[in-house]
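Reading through the structure tokens given below for one structure.
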Amino acid sequence: MNKLISTILILVCGIANANIIVVNNTNDTGTGSLREAITSSNSMVGADTIIFYISISDAGYNSMNGTWTISLQSLLPYMLGGNLFVDGSSQPGYSGTPKIAITTINPSSVLWAFGIFSSNNIIKGIQVCGFANGILLSEPSGTNNTIESCFIGTNHNGTSSMPNTNGIVINNNANGNFISNNIISGNTANGIVIKRSNNISIKGNKIGCDSNGTNPIPNENGITADSSSNNIIGGLLSSERNLISGNNQSGILITGRTSANNIVQGNYIGTDITGTAKLSNLFGITVTKAYGNIIGRNNVISGNTDIGVLFTGKYTRNNIVKGNYIGTDYTGTQLLDNHKGVIMKSLANSNIIGGNTPVDRNIISGNLEIGIYIEAADSNKITGNYIGTDVTGMNKVAIGTIGMNDSLVQGNGVEFNIVAKHNILGGPTYGERNIISGHKVYGVVYYGHCNNNTTINNFIGTDVTSKNPLPNATGICFDCASNHNDVINCVLSGNIGYGLFYVTRGTEFNRLLGNMIGVDSSGTMAVPNDIGMVVSTGTANNTIGGSSASERNIFSGNNLSGLMITNQLTENNLIKGNYFGTDITGTIAIPNLYGVMFSTFSKHNTLDSNLISGNTLAGLIINEQADSNIIINNKIGTDITGMQELGNGSGGIYIDQGAKYNTIGTTTSPNIIAFNSDGGILLKNDNSKFNKISGNSIFENDGIGIDIFPFGIVNINDAGDYDNGPADMLNSPIISNAQYNSGNTIIQGSVDCPNPSDAIIELFVASPDVSGCGQGKRFAGIALPDINGNWSFSTNTLLQTDLITATTIDNTGNTSEFSQNLNITTGIIENQYLQANIYPNPCSESLTIAIPENKHNFVFSVYDMQGKPIKKAELNWKFNNMGFEG
């Protein structure tokens, strides 16, 4: 044997031009031992190679495993000389699994198998188990060393645990080392620890699993980088991929304020070797109190029991997660869930998830609870990702066959919680858009006083084209006092329930600007939500839309309402400048069932300058005791020009179920209400009172301009106006005279209502309809009745050809239907009323008019109970010796 070894030694020395030292036994000490070989190397000059050539007759040979075990009683000599290659693969019979095992029965004093304190050393093909630290690389100059093809923490074939506490420890400026193609599993603490060391390359290893990459042999943490920078874990070639799976805690832990600029790329973390089945860590990657690290590209971070990627703690800043599959298999199409995808919490600020190019896009889908969660963390950016969809952006990631009895998995797409602020979801450019679709509950949700976050330019509820639904249950929810957040230029369409949902007290001062809600990104094609948006349960002071075209939201194509404002304390919200029921041009109908609905005690909200047209049923519904809302400057039933027909069905505005004190137009901020089926404004329910309808341009509606139930007929004025019903069934005015002379028009009339001197008569140029009461197309002015209900109005703005109609508004805001129309006539101008006694009133067959003695000539008109004129005459009285006659 010795002669043979000498021959091998001579041959190898001649070939490699190096010092070859042979280990030929498993003894802890003495000639031919590993200890003696390292001691010899430390005394030699130049590169050394330790090879193994141990007989099967050696006492350390295990015939069942075909391995040789060296059991250390004390620390091996430190590797101090450098340039030493310990080649376990040299043992005859080696074929990829170690034949040489190094262990100890006294780990409290034998702290490591190899202590490397020099440079350019290689450890290859060794099994290392049973130590506090399997291999230690440390100062003063433990740099540029390579650990290759070793099994560290497992048995000889990598199928079961034989733990160290830590597998490999790289410590104290041991920089530039290489860890490649090892099995580093089963260790009770960490597979690899990098501490205060930089430029470490870890590639092609299996860490936390068996040698087949199919079963867990857990470390506590797979790799820990502590206060270390510029390390690379993995690579973009399949041969450089680490399999980091099966660990009890984190697959990779990066920690410490000086842990910066580390790169994790191309690894499978939480999956088996195929990237298609789970081999779970608890956490895939944890980054805490570290900055500037890059997770990606091409990692599969899936199958982990809890979190795929966790950023936590102060100073966890400027880290990037890009180009990964998080929650899917390596194809990005099949479910391989983590419980949660990406979590950022506890002051983990200014990190980026994604990027603006396709290679930076993360697929964050299929995770059981949530895709991305941000809690008490600020100024993070989530951009360019597919969240809830597969890698194509066209399909959901679900259980079962897609489209056939499939079931969504990921609960929420993105959640902001507990004072998260100044975070950005999306971005202004195409590449920054997230697709957030295919979730069981919310695409995006804001909880817990989140504020000043911006959601911009995302598709939420559709596929990547925006033309096909890929629904969330609800697109975006603002809840639990989330405030001062903006949603800008998003598509919120295709969702099962609501496109948006604002709910609970304190959810206020949020803005919704420039979004497509129920239509595709072009604003020309319906992609319905059930309801476009619901604002509910105490939400207040939010702004929906704005004064400019860029702030306009399109609420169209939804199955029910475009917008619903509902519940007590939901107040002071401003809805301005939006389109409800039309395309983006405001000229073509894309109907909701209803345009806008105020219901259930909602109050003090303002609907201003919106286009509400083309909806299948009513344009605007105010019901269920909705109170004191203001409806001004809107176009309801026309196109955006206010001239062309684009009517709603079932009326322009429908007021019902006890809605009170709402204002529909003012003389300075009127609505245009035209071309609607069934009427302009319809009022129903005896408790629907005190709603003021003022100054509006109402014309060309089918039915009656203002129609108080029963619908479709003009209500009859009653003497004394004592009847009850919607709007107190307020009597409409009677126009008795409208005379034009030299450019001036005087209109006179009366009204029979309680406290007439407190009422207002609004006069309009009428658009005639079949009822004979016309519809008030152009506001002409206001007349104030006296205590007897008589009124007069003078103006120079009317034409001789105009048709006049009027409404009564009482002192509580109740508004009547339009009065019977009257044509303007040219002739004598009467400047005052005749104070006459008329009785009986009402009458059936005869009427007595008693006039003052000084009145010789006058004109009178007589009307029936419906306000229809039945007699008009001019009487001229002459004096003779018997008195006056006429």
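The values are calculated or read from the model by the stated rules, or taken from the named source; none is laboratory data. Remember, predicted model here, so these are calculated numbers, not experimental data. We place every Cβ from the backbone using ideal geometry, glycine too, and count neighbours over all the protein chains shown.
Listed by position, the strands (runs of 3 or more DSSP E) inside region 300-357 whose residues that are aromatic (Phe, Trp, Tyr) and crowded, with 24+ Cβ neighbours inside 10 Å number at least 1 are 307-312. If you check SER41, SER33, SER55 for being surrounded by fewer than 17 Cβ atoms within 10 Å (Cβ to Cβ) and either of a type outside the set (Lys, Arg) or assigned by TED's automatic domain parsing to the domain that holds THR103 (or both), only one passes: SER55.
Restricted to region 728-778, and to residues there that are free of Cβ contacts under 8 Å to residues at least 24 places away in the same chain and of a type outside the set (Val, Ile, Thr), the residue that is nearest to THR825 (Cα to Cα) is SER742. Number of residues in region 122-173 that are touching a residue at least 60 places away in the same chain (Cβ under 8 Å), part of a loop (DSSP other than H, G, I, E, B) and under 14 Å from ILE202 (Cβ atoms) equals 2.
Residues in region 571-585 that are within 20 Å of ASN529 (Cα to Cα) and surrounded by fewer than 24 Cβ atoms within 10 Å (Cβ to Cβ): ASP583, ILE584.
Residue-wise test of (1) of a type in the set (Phe, Trp, Tyr); (2) within 23 Å of GLY222 (Cα to Cα); (3) in contact with a Lys or Arg (Cβ under 8 Å, 6 or more places away or on another chain).
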residue	(1), (2), (3)
THR26	no, no, no
ARG35	no, no, no
SER40	no, no, no
ASN83	no, no, no
GLY88	no, no, yes
ILE102	no, yes, no
ILE123	no, yes, no
ALA132	no, yes, no
PRO140	no, no, no
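Considering region 540-643, the qualifying strands (runs of 3 or more DSSP E), each wholly inside and each with 2 or more residues that are more than 16 Å from GLY665 (Cα to Cα), run over 543-545, 561-566, 594-599.
Residue count for region 765-784 under the criterion of being farther than 15 Å from GLY703 by Cβ and part of a loop (DSSP other than H, G, I, E, B): the result is 1. Confirm whether GLY720 is within 23 Å of GLY813 (Cα to Cα) and not in a helix (DSSP H, G or I). No. Within region 35-60, the residues that satisfy the criterion of being outside any helix (DSSP H, G or I) and small (Gly, Ala, Ser) are GLY46, ALA47, SER55, SER57, ALA59, GLY60.
Among residues of region 460-485 that are farther than 22 Å from THR537 by Cβ, those with a Cβ under 7 angstrom from a residue that is of a type in the set (D, E, K, R) and at pLDDT 95 or above, sequence gap 6+ or separate chain, pair up as SER466/ASP520; LYS467/ASP520; LEU470/ASP463.
Within region 644-659, if we keep just the residues that are modelled with pLDDT of 95 or more and surrounded by fewer than 21 Cβ atoms within 10 Å (Cβ to Cβ), the residue that is farthest from GLU817 (Cα to Cα) turns out to be GLN644. Restricted to region 58-76, and to residues there that are touching a residue at least 40 places away in the same chain (Cβ under 8 Å) and among the aliphatic types (A, V, I, L, M), the residue that is surrounded by the most Cβ atoms within 10 Å (Cβ to Cβ) is ILE70. Among residues of region 77-104 that are over 19 Å from ASN25 (Cα atoms) and in contact (Cβ under 8 Å) with a residue 40 or more places away in the chain, those with a Cβ under 7 angstrom from a residue that is part of a strand (DSSP E or B) and of a type in the set (Asp, Glu), sequence gap 6+ or separate chain, pair up as LEU84/ASP48. Scanning region 351-369 for residues that are within 17 Å of ALA277 (Cα to Cα) and small (Gly, Ala, Ser) yields SER365, GLY366.
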